[in-house]
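Participant: Handing you a structure now.
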């Protein structure tokens, strides 16, 4: 049986232990906005830890100068250590039905985790580059 001094020493030892949680969310998780120099500053993207999210893209159609808004569901996945694939599935659009507005971008994240440089993996958009900063 432990003596009183041993029990006190054991409790004091346990009380001095600090549990450190070394887990961090992937840097892509969070809210993103376009870099200030991009043409559609109202675009936005919000990505959660479960691999989902949502976003808004402002766009024009060929032969039409009207600015349209598309709302998208997002799913993301790792491509490699600093690269992510982000699938955008249109859920509504002021341009009409969403058919043909789904797209995928591949994004490189910078070493600070606060900038994404992305390129569309298709030919839907005239300007296939998307540049984001942490919001």
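Participant: Report, to one decimal in Å, the Kirkwood hydrodynamic radius for segment 63-135 based on all distinct Cα pairs.
Facilitator: On the way: mean 1/r = 0.0748 Å⁻¹.
Kirkwood radius, segment 63-135: 13.4 Å.
Participant: Taking the Cβ-Cβ separation of residue 68 and residue 31 as r and a Förster radius of 25 Å, what is the calculated FRET efficiency to the nearest 0.05? Before the final figure, lay out each step's value.
Facilitator: On the way: r = 22 Å, r/R0 = 0.89.
So the FRET efficiency works out to roughly 0.65.
Participant: Something else: What order, most packed first, do the peptides 74-84, 42-52 have when packing is the mean number of other Cβ atoms within 10 Å of each residue?
Facilitator: 42-52, 74-84
Participant: Kindly state, to the nearest 0.05, the FRET efficiency for residue 91 paired with residue 112, given R0 = 22 Å and r defined as their beta-carbon distance.
Facilitator: Values: r = 32 Å, r/R0 = 1.43.
My answer for the efficiency is 0.10.
Participant: Let me ask something else. Return the FRET efficiency for the residue pair residue 79, residue 123: r is the Cβ-Cβ distance, R0 is 22 Å, and the value is rounded to the nearest 0.05. Please list the in-between numbers first.
Facilitator: Details: r = 19 Å, r/R0 = 0.88.
So the FRET efficiency works out to roughly 0.70.
Coordinate-derived values only; no laboratory data. Please read these numbers as outputs of a predicted model, since none were measured by experiment. In this analysis, Cβ positions are derived from the backbone assuming ideal geometry, glycine residues included, and neighbour counts consider all displayed protein chains.
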